[in-house]
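Reading through the structure tokens given below for one structure.
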Amino acid sequence: MTSTERSIAAAEAHSAHNYHPLPVVVAYAEGAWMTDVEGRRYLDMLAGYSALNFGHGNRRLINAAKAQLDRVTLTSRAFHHDRFAEFCTELAALCGKDMVLPMNTGAEAVETAVKTARKWGYKVKGVPDGRAKIVVAGGNFHGRTTTIISFSTDEEARADYGPYTPGFEIVPYGDLAALEEAVDDNTVAVLLEPIQGEAGVLVPPAGYLPGVRRLTAERGVLFIADEIQSGLGRTGRTFACDHEDVVPDMYVLGKALGGGVVPVSAVVASREVLGVYRPGEHGSTFGGNPLACAVALEVIAMLKSGEFQQRATELGEHLHQELGLLVGGGAVEAVRGRGLWAGIDIAPSHGTGRQISERLMERRVLVKDTHGSTIRIAPPLVISKEDLDWGLDQLRAVLGS
């Protein structure tokens, strides 16, 4: 057996089969490239579902982590530490908000947003106890906790985990009229992805997000934007909401906030919203730990330069121009996305999304499929134009275009 085969066999034997990874075993990575245990190099066109926006082994982030490793990595929130205040201050400023509640994973941040919205609804809006409702969109992907999958429309993610958590109403994504009809006096929040990632990089109709902002403001409802995948430079702006000059009441952040080095997530909102908490009402042992804060502070500094947003804009325009040429040629039915982020619907005659991903892997390009017929492209924002073009050449070769 090869090293790859031995590693995969051991993983299959001793880990739960909750993922179906491509048969590649990565041993080393730098920038937009990964090297497997056999020494083969692959172009990473997924970037850890946007967790690696700044590339593998980004020296600024690695150096920030190494420096902090020599000082202190964890205090718990039982004590203050010297990176916490700066992290909260800088992240709040990046978002144009007052306060930050740090957690670790994206799902934890979404759970925190749900709890925050309900608490705000009871303490500030005056919703009767136990009656708070949150409106969400069909096709959403906000995580995999019991509460979150309770309002998923993906049966693969949802089936066999009931009984489900009540308090959510699902409406079609992009349908402002349906959303308006669903909002009632007990609605405390509307929770949306500005661009739906797992659903296939679905961009809502122009005017939808401003309409959501207007409706929620008029009805006294919080607008929660889950920018875990779409935020922090991926679409060419700091946040996907920025493309339509929309500022939600609450940002939910994760993935790229930890730079692909450590898990870091956060809820960011106004003092009126996050000020509802009192000591002991919510927490996380590792949330806002010194190592996480040190890395996230470097991420924030990099975003403040605007360099990565500009790269995503310029390379994204090129990416979508090239992908658009594939539509109508028989292999590609549709392309969607914004910035360095695209969903590509493959014609059934040319294979499933999984099959196309495997063929690309054979040509040393790594992408991932979703919902059967779609592949997603989301390379690190540090990718060069030459490498991006090489990856697109491999896609064209696989599709026969």
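The values are calculated or read from the model by the stated rules, or taken from the named source; none is laboratory data. Since the model is a prediction, treat every value here as computed from it, not as a measurement. Please note: Cβ atoms are built from the backbone with ideal geometry, for glycine as well, and neighbour counts cover all protein chains shown. Remember, those area values only see protein heavy atoms, side chains included, never the ligands or the DNA or RNA. Shrake-Rupley method; radii C 1.70, N 1.55, O 1.52, S 1.80 Å.
Give the residues of the range 263-294 that are buried (at least 20 other Cβ atoms within 10 Å of the Cβ) and charged (D, E, K, R), sorted by residue number.
Answer for the range 263-294, where residues must be buried (at least 20 other Cβ atoms within 10 Å of the Cβ) and charged (D, E, K, R): there is none.
If you check every pair at least six apart or on different chains, which have Cβ atoms under 9 Å apart with a residue in the range 216-238 that is on the phi > 0 side of the Ramachandran plot first and a residue that is basic (Lys, Arg) and open to solvent by 10 Å² or more (accessible area, probe 1.4 Å) second?
Between residues of the range 216-238 that are on the phi > 0 side of the Ramachandran plot and residues that are basic (Lys, Arg) and open to solvent by 10 Å² or more (accessible area, probe 1.4 Å), the close pairs are Gly220/Lys125; Leu232/Lys255; Gly233/Arg311; Gly236/Arg311; Gly236/Arg338.
In the range 251-262, is there at least one residue being open to solvent by 30 Å² or more (accessible area, probe 1.4 Å), among the aliphatic types (A, V, I, L, M) and assigned to a helix (DSSP H, G or I)?
no
Mind listing whichever residues of the range 163-187 are closer than 19 Å to Ala199 by Cα, out of contact with any helix residue (DSSP H, G or I) (no Cβ under 6 Å at 6 or more places or on another chain) and open to solvent by 50 Å² or more (accessible area, probe 1.4 Å)?
Of everything in the range 163-187, those that are closer than 19 Å to Ala199 by Cα, out of contact with any helix residue (DSSP H, G or I) (no Cβ under 6 Å at 6 or more places or on another chain) and open to solvent by 50 Å² or more (accessible area, probe 1.4 Å) turn out to be Ile170, Asp175.
Being surrounded by fewer than 17 Cβ atoms within 10 Å (Cβ to Cβ), within 30 Å of Gly207 (Cβ to Cβ) and at pLDDT 95 or above narrows it down to one of Asp160, Asp70, Asp98, so name that one.
Of Asp160, Asp70, Asp98, the one residue that is surrounded by fewer than 17 Cβ atoms within 10 Å (Cβ to Cβ), within 30 Å of Gly207 (Cβ to Cβ) and at pLDDT 95 or above is Asp98.
Val382 fails exactly one of the following numbered conditions: (1) open to solvent by 40 Å² or more (accessible area, probe 1.4 Å); (2) touching a Pro at 6+ places or on another chain (Cβ under 9 Å). What is the number of that condition?
For Val382, the failing item is (2).
Of the residues that sit in the range 335-353 and are without any contact (Cβ under 8 Å) to a residue 60 or more places away in the chain and surrounded by 17 or more Cβ atoms within 10 Å (Cβ to Cβ), which one is farthest from the chain's Cα centre (by Cα)?
Checked the range 335-353; the qualifying residue farthest from the chain's Cα centre (by Cα) is His350.
Among Glu30, Glu38, which is in contact with a Gly (Cβ under 8 Å, 6 or more places away or on another chain) and among the charged types (D, E, K, R)?
Going through Glu30, Glu38 in turn, just one is in contact with a Gly (Cβ under 8 Å, 6 or more places away or on another chain) and among the charged types (D, E, K, R): Glu30.
Thr105: in contact (Cβ under 8 Å) with a residue 40 or more places away in the chain, of a type outside the set (A, V, I, L, M, F, W, C) and open to solvent by less than 20 Å² (accessible area, probe 1.4 Å), yes or no?
So Thr105 fails the test.
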